[in-house]
1. Which value in deg cm²/dmol, rounded to the nearest 500, describes the helix-derived mean residue ellipticity at 222 nm for the protein assembly as shown, given -39,500 (n - 2.57) per DSSP H run of n ≥ 4 and division by the residue count?
2. Using Cα centres only, tell me the gap between segment B:561-603 and segment B:301-373 in whole Å.
3. Whole-Hz ³J(HN,Hα) for each residue in segment B:613-625, computed from phi via Karplus 6.51 cos²θ - 1.76 cosθ + 1.60 with θ = phi - 60°, x for glycine and proline: what do you get?
4. Run the numbers on segment B:2-208 and let me know its relative contact order in percent, using alpha-carbon pairs under 8 Å that are six or more apart.
5. Could you give me the ³J(HN,Hα) list for segment A:57-71, computed from phi with Karplus coefficients 6.51, -1.76, 1.60 and θ = phi - 60°, whole Hz, x at Gly and Pro?
6. A:R24: net charge of surrounding residues, Cβ under 15 Å, Lys/Arg +1, Asp/Glu -1, itself excluded?
7. Tell me the relative contact order for segment B:329-412 as a rounded percent, counting alpha carbon contacts under 8 Å between residues six or more apart.
8. What is the average number of partner chain Cβ atoms found within 10 Å of a Cβ in B:92-104?
Amino acid sequence: MTIRDCPVGCPVRLDDAALDDAARLRMCEIGLRPGAVVRVVQCAAFGGRVIACGHQRFALDAATAAALRGTQLTAA
Amino acid sequence: MARVALVGNPNVGKSTLFNLLTGAWQVTMNAPRTTVSLEIGQWQPGGLGVELMDLPGTYSLIAQSPDEEVTRDVVAGLGTGILARRPDLAMVVLDATALSSSLYLLAQVRALGMPAVAVVTMADVAGARGLAVDTATLAAAIDAPVVTVNPRGGQGIEVLAETVADYLMEHRQAPDGGNAEALVDQADQFFDWVASILDRAEIHHAETVTASDKADRLLLRPWVGVPLFLAVLWALFQLTTVVAAPLQDGFEWVITGPVADAAVWLLGRAGWAGGWLESLVVDGVLAGAGVVVSFLPLMAIMFAAIALLEDSGYMARVAFVADRLMRTIALDGRAVLPLVIGFGCNLPALAATRTLPSARQRLAVGLLIPYSSCTARLVVYLFVAQVFFPRYAGTVVFAMYGVSVAVMVAAGLILRGTTVRGAGSEPLVLALPAYQVPRVRALTRSILLRCRGFAIHAGGLIVALTMAVWLLMSVPVTSGYALGEDIPARDSLFGATAQALAPVFTPAGFGDWHASAALITGFVAKETVVATIATTYGMDAPDDAGAPPSDLGEQVRASLLQSSGGSPGAAALAFMVFSLVYTPCMVAVSEMRRLFGWRPTLASVGASVVAAWVLAVVVFQVGRAL
């Protein structure tokens, strides 16, 4: 599933990101690496998402949220 | 003198720490051959003289923007010009709530052979979330000094000064250079190192719902976030127009009233009363100083509003909410703030570009701001519309704002293919800082420093330009007048220049010296355009609402009827379009020069004048044909 499809509050283990190499590297550098557990904390306007990764919060636009793929760990 | 660089992720309190350490002893400059700004200041830890550099915030030294390239080059010893000398030490700021990305940057800094002292910030926010960072354990894990500091309150500054002084006393040798290109291959290794440090320091992420999460549930909700964002924009607009205007008038009065009176009295006592020197001092130097001083309260209000938005954490939410809108012209969501503020006044709008995260974005927005129709231009529209289109004046004025937005979008689309090429297609991944209560002391310090920077660096050019205009108006070109006398506009060098310039506007229908004279003073301040028109006809200026005396209206109509060959309405529209698009006032130009340097400023001025002329000619020629 993608982060865009993920319900609020549901933990997801990141698998990969369908982005170009530079963007994927930057995601890893800020902590959004394969294996990292994130959860959606807010659905925003225009399809954007706010995700939590540990104590950090990241805002993603709709396209980026749809490009991040992961595995759902538990039901919401 | 030792050189120390402040390095860190964006929004970790790095600049607040820099302001705290250096106080007023700092200058803002652009990195050589770039529009990337950085601050350099003086600091004296333990009595040692240190040159402290606040480098652009970055998540990585694998640079993906000009700002990040500057940070990488300084740390790697690849800088040029004033940045050629490599720092002796890096103070790497670690966000206690985001140690993973902070430690990754620290690993890169050290991989380049740069010794580092780690400065932990946001410890209070982390503590409130139950995340305690034990500095001793962390220091042992990373094998480097670690100091916890609160830049907003000043706690920990003495320990930091002591730690840095001790290091610099013991290590006098400049660090070896490192290979920045190898950082890409080392990324995975650094990720593993960060994970091991977090384990050793027993820093584990708990799944908590924070107060900021609860606030965001409301403030970022689709049907709340957008209206709230619009309300913030409205409030900013009101602050920079309605609230600032009386303060500006009061500040200017002090200079042009009591200070000018005192200068006249002093010159009189020295035997210089009534001559060209008095005219130069009062109408040149003090008039320019009055302009600078009058803008100080406006700038202070703008800087305070921006600092509040940033310090509270809401600015990052603005970027998120407006991202979709601004992406159409390849700009960051935060660009919407300066662009909207520009409709009040271009000057604070230019100052607000500092909220943008990259030099390219700041420059692109800075180039668009002059096309946002400030309230000073409104006076021109009202006057011209009431003279030429009295029955449709409101509609014509409204249409000018539509033209302003259309020109900004068109210019934005052009920039998308040039200055910000490739932007707008990048993924938005924005770290959202926790909401915090702004600290008055840190805010006040930031506002004072920025106002001082404006007064010193833009003020000099403003006074120089005011004196140049004084010279044009004070030099007679006909006999019977002396330098500095009250010369009729037509008989001054100013009038001669306007007459020489008038034929340039013949294709736009307003090739008349009264119009070109008004446009020349419009460069000084758009507010003076209508007053200049009245002066050149030897009449009093219209009232504030732009309602012209009937005689003045008749004379202006007669002039444009003649210059346009019988199409005064089309010429009037062309004049309004030219007034909208051509160079903003000298204060805005001075601020552009301060922020971006001479080349982009001159390019902007040249492009706007050419665009204004072309659009005015098109409007007139099409209007005449209809």
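1. -16500 deg cm²/dmol
2. A separation of 22 Å, based on Cα centres.
3. Taking θ as phi minus 60°, the curve returns 5, 4, 5, 5, 5, 4, 4, 5, 5, 5, x, 5, 6 Hz for segment B:613-625.
4. 22
5. Coupling constants for segment A:57-71: 10, 10, 9, 10, 6, 4, 5, 5, 4, 6, 8, 8, 10, x, 10 Hz.
6. -4
7. After rounding, I find 29 percent.
8. Across B:92-104, the average partner-chain Cβ count within 10 Å equals 3.
Bear in mind that the values in this text are calculations on the coordinates, not laboratory data. Please read all numbers here as calculations on a predicted model, not as lab measurements. FYI the Cβ positions are ideal-geometry reconstructions off the backbone, even for glycines, and counts take in every protein chain you see.
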